[in-house]
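Q: If you scroll down you'll find the structure; I have some questions about it.
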Amino acid sequence: MPPGPPQAWQAPYAAPPPPRPGIIPLRPLGVGELLDGAFTAMRRYPRATLGLSAAVAAVQQLLNLVVDLASNNISAPSASGLTALGSVAGLLTVVLDAILAAVLLGMLSLVIGDAVVGRAVELRDIWSRLRPLLLPLLGAAFLAAVLPYLGLIAFIVGGVFLWVVLSFTTPALVLERLSVGQALRRSWRLALPSFFRVLGIRLLALLITGVIASIVSLPGLLVALSSFTNDFASGSDIHLSFGAEVAVRLSSLVATTITAPITAGVLALLYIDRRMRAEALDVTLARAASS
């Protein structure tokens with residue numbers, strides 16, 4: 001005798017929702033979820049995200065201010081006699097900025113990794129985990145930053161290509177504890193199969209952080225513009241006053257403090273998303289969160 005129709009009280013089967021022990025559900029993510037995860041990490045862990053970012057940004061802006069003083073671009077008595085150091089100090093600051101950016105991205109990648117599984121984030125623990133990887137991190141970050149520019153010089157498509165396929169170098173290095181060469185190859189293998197998605201999301205994050213940085217930096221730019229206007233009206237040489245330079249640096253500090261965690265969060269979550277799609281990392285993370 002054929003089975004009868006299902007009873008009215010029998011609910012259709014529905015798959016259980018994916019676990020969400022931390023800032024994202026443990027499944028492949030949409031673009032909105034990637035952005036939301038980055039902002040959620042900032043809200044839940046402000047000390048570890050905004051605090052680290054503010055500390056690094058403060059050092060960065062202080063170095064830039066010293067370089068401007070050394071190159072005699074600011075009207076301050078202490079700047080006299082240091083013009084000869086300007087070009088050398090400027091190059092040194094570019095290198096130091098790259099180092100600081102690499103360290104910050106590495107630390108924030110570890111923060112995001114813990115936040116995904118809902119693990120408590122301790123600043124002391126983050127530094128102790130990053131410290132053994134510091135030299136490989138700097139080497140990988142240098143290559144990931146320089147190679148796209150070399151490709152850009154050769155041909156713009158080459159620069160964009162390398163910018164995308166090397167996107168996950170730092171997250172892979174610090175979260176999987178790889179060597180420099182392993183991290184570069186790992187990033188290539190993860191990013192290349194989803195090239196246009198990674199490119200689109202990175203450009204979207206760049207646009208969002210650019211708009212935020214422009215808005216936050218506006219007060220400092222207005223002060224600088226006022227300084228230029230006063231110089232032009234008085235007929236003197238046009239240059240930034242010391243006060244205007246400080247205002248610009250403070251605005252840049254605040255902008256970097258806010259935007260760096262967003263960029264790092266999107267990049268780290270995009271790396272985790274690619275591993276969930278390609279390697280079922282969500283299953284491993286769910287087990288780790290429940291243990």
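The values are calculated or read from the model by the stated rules, or taken from the named source; none is laboratory data. From a predicted model like this one, the values you see are computed outputs, not experimental measurements. Because the Cβ atoms are built from the backbone with ideal geometry, glycine has one as well, and the counts that use them run over all protein chains shown.
Q: Tell me yes or no: at least one residue of region 103-124 is at pLDDT 90 or above and either of a type in the set (Ser, Thr, Tyr) or farther than 26 Å from Thr40 by Cα (or both).
A: yes
Q: Out of Leu137, Leu152, which single residue is within 25 Å of Leu52 (Cβ to Cβ), part of a helix (DSSP H, G or I) and modelled with pLDDT under 95?
A: That would be Leu137, the only listed residue that is within 25 Å of Leu52 (Cβ to Cβ), part of a helix (DSSP H, G or I) and modelled with pLDDT under 95.
Q: Out of all the residues in region 69-82, is one or more at pLDDT 65 or above and assigned to a helix (DSSP H, G or I)?
A: Filtering region 69-82 down to residues at pLDDT 65 or above leaves 69-70.
Imposing the further condition that a residue be assigned to a helix (DSSP H, G or I) reduces the set to 69-70.
Yes, the conditions are met somewhere in region 69-82.
Q: So Thr93 fits all but one of (1) in a helix (DSSP H, G or I); (2) modelled with pLDDT of 90 or more; what number is the exception?
A: (2)
Q: For region 267-287, give me each residue that is assigned to a helix (DSSP H, G or I) and either exposed (fewer than 14 other Cβ atoms within 10 Å of the Cβ) or polar (S, T, N, Q) (or both).
A: Answer for region 267-287, where residues must be assigned to a helix (DSSP H, G or I) and either exposed (fewer than 14 other Cβ atoms within 10 Å of the Cβ) or polar (S, T, N, Q) (or both): Ala278, Glu279, Val283, Thr284, Arg287.
Q: Could you check how many residues of region 29-66 are surrounded by 17 or more Cβ atoms within 10 Å (Cβ to Cβ) and not in a helix (DSSP H, G or I)?
A: 2
Q: Okay, moving on. Residue pairs, Cβ under 8 Å, 6 or more apart or interchain, first in region 258-286 and of a type in the set (Lys, Arg), second surrounded by fewer than 22 Cβ atoms within 10 Å (Cβ to Cβ) and assigned to a helix (DSSP H, G or I). List them.
A: Arg274/Ser194; Arg275/Leu281; Arg277/Ser194
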